[in-house]
């Protein structure tokens, strides 16, 4: 057991360092393209941040761990909406633009409702997967196009073209991104193998491991980015990161996993965890909409809500 926990920690460290390299260098490249901070969070930082979940999902395929995959998707999504948003708001109230509320936030609610409906027959098949992935691509394209139209009004087309040329010369950034991907792939393999071994040794269900342990480990990149953005009073990046991460977690992570092998859904997930994902999605949207910011008190409510969810999950799946 000691060695298993050690390898689990090594996997988390590799996932964290790999994601850190991807997020840091991808953000630099994206910033030179002339897009808003929110969209940097929605796109490049998001794609870098969800690589742990994506790697875990694809690696879990070889172990036929559908429960672990879907538990991770639901658990990490709820964790980000409840715990991460909540802690960030408790550190520094998070302001949000009306345009983000109107254009991007509905995608979270749509994603949570959509995957609930697709999973209602207790299977997410390959046709469902194609639909999820297609919507994820549409979300990314839509976010970038809308942002570019807004930013072009300020920076002009010539400045944008200069930034693109600088991006092409940033070889060191690309090398670090590749190193990050390698670390994440190796980390995911260690993380999945160790998590399954612990679950077997302790007679704990794969779903609980996915909802709590794997979800927390795989959410470390978004956790760090969002908390640091709150500390630096740059809530736009953190908000965009959580929105994009949750949307792509559903569309890309669950989509790719189901495309490789259809996901079997435990009936109890339909009763509790899927509805909780929808609940937290709607709750955060309502809290942001009420005053265009998330206050410290509201952040505390989200953290409290997540703790209740985690406690009930442990009792349900133990």
#### Entry: Subset of the stretch 262-290 [surrounded by fewer than 13 Cβ atoms within 10 Å (Cβ to Cβ) and either assigned to a strand (DSSP E or B) or out of contact with any helix residue (DSSP H, G or I) (no Cβ under 9 Å at 6 or more places or on another chain) (or both)]
267, 271, 286
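Restricting the search to the stretch 200-212, which residues are without any contact (Cβ under 8 Å) to a residue 40 or more places away in the chain and assigned to a helix (DSSP H, G or I)? Write out each step before concluding.
So the first thing to find is which residues in the stretch 200-212 are without any contact (Cβ under 8 Å) to a residue 40 or more places away in the chain, and the list is 200, 202-203.
Across the stretch 200-212, the qualifying residue is only 200.
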### Message
Please determine whether any residue of the stretch 242-250 is in contact (Cβ under 8 Å) with a residue 60 or more places away in the chain, touching a helix residue (DSSP H, G or I) at 6+ places or on another chain (Cβ under 9 Å), assigned to a helix (DSSP H, G or I) and surrounded by fewer than 19 Cβ atoms within 10 Å (Cβ to Cβ).
### Response
no
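For the stretch 39-138, which helices (runs of 4 or more DSSP H) that fit wholly inside it have 3 or more residues that are within 17 Å of residue 262 (Cβ to Cβ) and at pLDDT 90 or above?
Details: elements: 44-49, 51-61, 66-79, 85-91, 98-103, 105-118.
Where helices (runs of 4 or more DSSP H) fall fully within the stretch 39-138 and carry at least 3 residues being within 17 Å of residue 262 (Cβ to Cβ) and at pLDDT 90 or above, they are 105-118.
Taking the stretch 291-304 on its own, how many of its residues are in a helix (DSSP H, G or I) and either under 14 Å from residue 75 (Cβ atoms) or more than 20 Å from the chain's Cα centre (by Cα) (or both)?
Of the stretch 291-304, the ones in a helix (DSSP H, G or I) are 291, 296-304.
Next cut, either under 14 Å from residue 75 (Cβ atoms) or more than 20 Å from the chain's Cα centre (by Cα) (or both) only: 291, 296-298, 300-301, 304.
Here the count works out to 7.
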### Query
Within the stretch 69-111, how many residues are more than 30 Å from residue 206 (Cα to Cα) and touching a strand residue (DSSP E or B) at 6+ places or on another chain (Cβ under 7 Å)?
5
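Taking the residues in the stretch 1-15 that are surrounded by fewer than 19 Cβ atoms within 10 Å (Cβ to Cβ) and touching a helix residue (DSSP H, G or I) at 6+ places or on another chain (Cβ under 8 Å) as candidates, determine which candidate is modelled with the highest pLDDT.
Restricting attention to the stretch 1-15, the residues satisfying the condition of being surrounded by fewer than 19 Cβ atoms within 10 Å (Cβ to Cβ) are 1-7, 9-10, 13.
Remaining after also requiring touching a helix residue (DSSP H, G or I) at 6+ places or on another chain (Cβ under 8 Å): 1, 4-5, 7, 10, 13.
Details: 1: 67, 4: 80, 5: 80, 7: 81, 10: 86, 13: 82.
The residue in question is 10.
The values are calculated or read from the model by the stated rules, or taken from the named source; none is laboratory data. Note that the coordinates shown come from a computational prediction; the quantities given were computed from them, not determined experimentally. Cβ atoms come from the backbone with ideal geometry, glycine included; neighbour counts cover every protein chain shown.
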